Amino acid sequence: MTLRFESCTVRSLAEGAMGQFERGHLHVDTEGLARALTARDARVVEVAVNLVRPGDATRIVCCKDVIQPRLKVRGDDPGEGVVRLLDNLAVVTCGPIVGFQEGIIDMSGPGAAYTPFSELFLIVLEVDVAEGLASHEHEAALREAGLHAARLIAEHLEGYQADSEEDLLWDEQPVSPTLPRFAYVDLMLSQGLLHDTWVLGENAVSGLPRIFDPRVLLDDAVVSGNCVSACDKNTTYHHQNNPVIRELLRGHGRRWNFVGVVATNCPTRLAEKARSAETAVALARGLEADGAIISKEGFGNPDADLMMLIRGFAREGIQTVAITDEFAGRDGGSQSLADTTPEANAVISTGNANQLVQLPPMSTTIGPLPDVTRLAGGYAGCLGDDGSLEVELQAIMGATNELGFSRLSCRGI
Amino acid sequence: MTRVLHYLNQFFGGLGGEEAAGTPLTLLEGARGPGNALMRLDPEIEIVATLVGGDNYLAEHLETAVDEAVALVAEQHAAVPVDMLIAGPAFNAGRYGMACAGICAAVENRLGIPTLTALYPENAAVEVYRRQVTILAATDDVMGMAEALETMARAVSKRMTGRPLGPEDGLLPKGIRENYIASRTGAERAVEMLLTRIKGGSITTEYPMPEFDRVPPAPPIEDASNAVIALITSGGIVPKGNPDHIESASASRCGAYSIADLDRLTPASHQSVHGGYDPTYANADPNRVLPLDAARSLEREGHIGRLFETYYATVGNATSVDQARRFGTEIAPLLVNEGVQAVVLTST
């Protein structure tokens, strides 16, 4: 079984025939795309499609999800076959606030440095839904619109030339008995309405923990359906490009043996949390792991799941490194997590999400800017008359991503 | 040459022992006691004056004494400018430590003159002042004087060159977390850390786990049927319109709202502003998060004496422990004064 990624790297983005890709130039029929999205879903009343480029003086609010357009050109099952993907580009869904916890993407200025999406060409869908729609229906309508748009954009890729290809080798690699065995525990947010993750089409509330071939997870198996704070929401794009899986595959068979991924969830009840953590540890033990990387999504409640996993692994004598962000207060003086355990002595910090940043006004705004005052990380009065903002990093998409996608970190002084 | 003003207590300033502890603040010319040793350690340091204060004088009127100290330093600074104020070392001395750190904080904040002091890490003043004052590590008693003065002399010279002090200079951590951009991604750092750990190498965690503040629960109420009970929630239930603008995350505010005339909350009267959960069900029936309906039934049935007429609400989502502690210390005395004996705390 092999999985091949064929990349079509986008270097410019313009209006034109839908999905036409030549020598780095991608064309999008924005009106056609908007029509297609409103036609397929009665909940979607209006869609404005905007083409945005790195360096633009553009602010996008309130962003829900980010998706990399891909097309499977050969093979049926996830984790195998040939996938054409648009590199350097993503679809972003935005619009009126659904659940307080959507985010900001600034394409230039000081805010751009905190979001990886400012470096991509973006096809931004500003979506208005039918009045009176319940918030979980609102979330579902946008999630589906984003996925459908990504599908429509990638649909024609087979007819064009890819500019690079990569074979993701895993089980074919010889596994050296002298190298340490590493597992990856992908702790996915799954707390019910507006806090859901979808794995192979199933809600992660049930069916996890479970062992996955890492390539399955990179092959569009995981879709974000949640409204946790923008800074540490694992968007669909983050899952498609999971940096821990990427890193573990890179050294697999040379520096360590990557023995597999345990995807697990964050139930809301204590007994279920304990059960999920125990099962995840048992699965990793079954993989004969010597060590495990544990990633996270969200904060507060999932801190408890993370600490249970760390304790469970320590009991089994399996070494861990956990990735988390911090909520240390605006002055950095508070303790950072809602739960701790003495065994959590190898932790990667992806930054203090409470840090305030000043964002100057932008000449173009996509989405309802005043909604920012109600976002997690914003506050009443955070929006200046000139359109400038003072927000916590919490409000910026991907700022403190807990898959370790970015370079932000935090230290004690 | 670095022109230094030195603060010492009555003992190290040569004015006497405990019997002189009430001595008011006095500005003396030149160096005294440890100041002379400091100048011998680094000939670049010139102590232009020594401010001496009695331990009790400072401890008994810290606030006004600190104001006096700032005024005396300002006077000296106007006559002959000073580059830095240093205080102590005060080791583990309680009154002296507070005086040193308090004067450093005030002089640096109000006059903009750089300051430093040296204290034993467990001196009570460290916890109070470490975020705002440059505090170097000293031993717990005067046996460590020579060592402390060497640390201070090195820190004076480094600080005057504009280089930031670090743990290698004896600087006690300020206890705050600061963001920075690392050279590699979090995922890369995680995998490298795991590899090092597995191979038995030493690693440095990027977030050392804090000690949790565990509060023993108060003893149960013996007779609830005569008790006054209050409701408090971190679940974000506020009067419709959120009159106090409590934030949906990282709350800096906590509201107090009357329920004196209410039998239950309704979607028309109350709402959730909490950002961490889907508020659909809390908005449809706010009693689900702030159980006023149930509390009123208990009151009617005589299971509790009386429900307190005010409830307090904030948002727990991403709200720092420091803020939460502040809300608690502000609310608790108000409730105690009103005779409230127990609180039902609801979260989400």
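Taken together, the values in this text are just the output of simple stated rules run on the coordinates, not laboratory data. As the structure is a computational prediction, the values presented were derived from the model and not from experiment. Cβ sites come from the backbone with ideal geometry, for glycine too, and all protein chains shown count toward neighbours.
Brief remarks on what is shown
- 3J(HN,Hα) from dihedral phi, the stretch A:188-205, Karplus parametrisation 6.51/-1.76/1.60, rounded to Hz, x for glycine, proline: 9, 5, 7, 10, x, 2, 6, 10, 10, 10, 10, 10, 6, x, 9, 5, 5, 4
- Candidates B:A90, A:P243, B:T314 compared by Cα position along the dipole of the protein assembly as shown: farthest toward the positive end lies A:P243, with charges placed on Cβ.
- Exposure proxy shown here: for A:C8, A:C63, the number of other Cβ atoms within 10 Å sets the order, fewest to most, as A:C8, A:C63.
- Relative contact order (%) - chain A, alpha-carbon pairs under 8 angstrom, separation at least six: 19 percent
- Couplings 3J(HN,Hα) of the stretch B:63-74, computed from phi: 5, 6, 5, 5, 4, 4, 4, 4, 5, 5, 5, 4 Hz, in residue order, whole Hz [Karplus 6.51 cos²θ - 1.76 cosθ + 1.60, θ = phi - 60°; x for Gly and Pro].
- Over 19 Å apart at the Cα level, from the set A:K273/A:K296; A:K296/B:K199; A:K233/A:K296, are A:K296/B:K199.
- Net charge dipole size for the protein assembly as shown [Lys, Arg +1 and Asp, Glu -1 on Cβ; Debye, nearest 20]: 1000 debye
- Amide hydrogen neighbours beyond the local backbone of B:G30, cut-off 5 Å, H modeled: B:A49, B:T50
- From phi via Karplus (6.51, -1.76, 1.60), per-residue ³J(HN,Hα) for the stretch B:160-172 in Hz, x at Gly/Pro: 5, 7, x, 7, x, 7, x, x, 5, 8, x, 5, 6
- Multiplying the residue separation of B:I203 and B:A146 by 0.36 nm and subtracting their alpha-carbon distance yields 17.2 nm.
- Approximate spin-label separation A:T279-B:E222, in nm, with each point projected 7 Å along Cα-to-Cβ: 4.9 nm
- When the charge dipole of chain B is built from unit charges on Cβ atoms (+1 for Lys and Arg, -1 for Asp and Glu) and taken about the Cα centre, the candidate among B:A65, B:I113, B:G339 whose Cα reaches farthest toward its positive end is B:I113.
- Length gained when the stretch B:V80-B:S297 is fully extended (0.36 nm per residue, less Cα-Cα span): 70.8 nm
- At most 11 other Cβ within 10 Å, DSSP loop - trypsin sites (Lys or Arg not before Pro), the stretch B:165-211: B:K199
- Cβ neighbours within 10 Å from other chains - mean over A:142-148: 0
- Exposed GluC sites (Glu not before Pro) absent - longest run of chain B, DSSP non-H/G/I/E/B, at most 14 other C-beta within 10 Å: B:123-210
- Span per principal axis, largest first, for the Cα atoms of the protein assembly as shown (Å): 91, 70, 56
- Contact order normalised by residue count of the stretch B:73-229, Cα under 8 Å, 6+ apart, percent: 16 percent
- Taking label points 7 Å from Cα along the Cα-to-Cβ direction, B:E309 and B:V215 give a separation of 2.6 nm.
- Dipole check for chain A: with +1 at the C-beta of Lys and Arg, -1 at the C-beta of Asp and Glu, and the Cα centre as origin, the magnitude is about 780 Debye.
- Cut-off under 5 Å, modelled amide H: who pairs with A:N265 long-range: A:M188
- Hits among aspartates and glutamates - C-alpha to C-alpha of B:K240 under 13 Å, sequence gap 8 or more where chains match: B:D285
- Relative contact order %, chain B, counting alpha carbon pairs below 8 Å whose residues are six or more apart: 13 percent
- Long-range HN-HN contacts of B:V133 with modeled amide H, under 5 Å: none
- By the rule of a C-alpha distance below 25 Å, with chain neighbours fewer than 8 residues away ignored, the lysines paired with B:K174 are B:K158.
- Each Lys and Arg Cβ is given +1 and each Asp and Glu Cβ -1; about its Cα centre, the stretch A:326-399 then shows a dipole of about 80 debye.
- Each label point was placed 7 Å from the Cα along the Cα-to-Cβ direction; for B:K158 and B:E178 their separation is 1.3 nm.
- Of the GluC sites (Glu not before Pro) found in the stretch A:44-140, those that fall in a DSSP loop while having at most 16 other beta-carbon atoms within 10 Å are A:E131.
- Diffusion constant of chain B at 4 °C, which comes from Stokes-Einstein with the Kirkwood Cα-pair radius and 1.567 mPa s, µm²/s: 53 µm²/s
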